[in-house]
């Protein structure tokens, strides 16, 4: 199963990209695609199209365009469920201690990382940033033991 996640501009500016990725990798998830990029307006609007018309939409688009992001495609058994568990609840005060948002999040709106909430959304969202030929197929050393 594949999951799309994006480390947001505030996390890049804070220099915690490696720590965020490390939490995902230490769980056993595999990064099969990764890009450091400055999102375009059309990419941002496509990524967050489900929020059109909500009071926070314009600020969300503005924030996502405020600096570089790291787009990730993550693979593994139950990748979406596991990634979302590691990421934690949107509100960092309600996120579990040790989760990415529980550890690094400072606010609901600028919450360090985005993660897709379903297989359908993961596939849609990763296509905004990646072509299929940019995703790598490889085995982690311990995958044969699973």
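Look at the stretch 104-135 and say how many of its residues are surrounded by fewer than 20 Cβ atoms within 10 Å (Cβ to Cβ), over 25 Å from residue 55 (Cα atoms) and in contact (Cβ under 8 Å) with a residue 60 or more places away in the chain.
Adding up the residues that qualify gives 5.
Only residues that are surrounded by fewer than 14 Cβ atoms within 10 Å (Cβ to Cβ) and free of Cβ contacts under 8 Å to residues at least 40 places away in the same chain: list them for the stretch 26-42, please.
Of everything in the stretch 26-42, those that are surrounded by fewer than 14 Cβ atoms within 10 Å (Cβ to Cβ) and free of Cβ contacts under 8 Å to residues at least 40 places away in the same chain turn out to be 26, 36, 38, 40, 41, 42.
Out of curiosity, is residue 91 exposed (fewer than 12 other Cβ atoms within 10 Å of the Cβ) and either in contact (Cβ under 8 Å) with a residue 24 or more places away in the chain or at negative phi (or both)?
So residue 91 fails the test.
Taking residue 55 as meeting all but one of (1) surrounded by fewer than 16 Cβ atoms within 10 Å (Cβ to Cβ); (2) in contact with a helix residue (DSSP H, G or I) (Cβ under 8 Å, 6 or more places away or on another chain), write down the number of the exception.
It fails just one condition, (2).
Are any residues in the stretch 56-67 assigned to a loop (DSSP other than H, G, I, E, B), over 10 Å from residue 8 (Cβ atoms) and at pLDDT 95 or above, and if so, which ones?
Of everything in the stretch 56-67, just one residue is assigned to a loop (DSSP other than H, G, I, E, B), over 10 Å from residue 8 (Cβ atoms) and at pLDDT 95 or above, namely 65.
Return yes when residue 82 is surrounded by 18 or more Cβ atoms within 10 Å (Cβ to Cβ), at pLDDT 95 or above, more than 13 Å from the chain's Cα centre (by Cα) and in a helix (DSSP H, G or I) and no when it is not.
Spelling it out, it is not the case that residue 82 is surrounded by 18 or more Cβ atoms within 10 Å (Cβ to Cβ), at pLDDT 95 or above, more than 13 Å from the chain's Cα centre (by Cα) and in a helix (DSSP H, G or I).
Would you check which residues across the stretch 1-46 are part of a helix (DSSP H, G or I) and closer than 19 Å to residue 98 by Cβ and list them?
11, 14, 17, 18, 19, 20, 21, 22, 23, 24, 25, 26
Run down 8, 45 and say which single residue is touching a helix residue (DSSP H, G or I) at 6+ places or on another chain (Cβ under 9 Å) and surrounded by fewer than 19 Cβ atoms within 10 Å (Cβ to Cβ).
None of the other options fit; the residue is 45.
The values are calculated or read from the model by the stated rules, or taken from the named source; none is laboratory data. A quick note: this is a predicted structure, and the numbers were derived from the prediction, not measured. Positions of Cβ are generated from backbone atoms using ideal geometry, with glycine treated the same way; all protein chains shown enter the neighbour counts.
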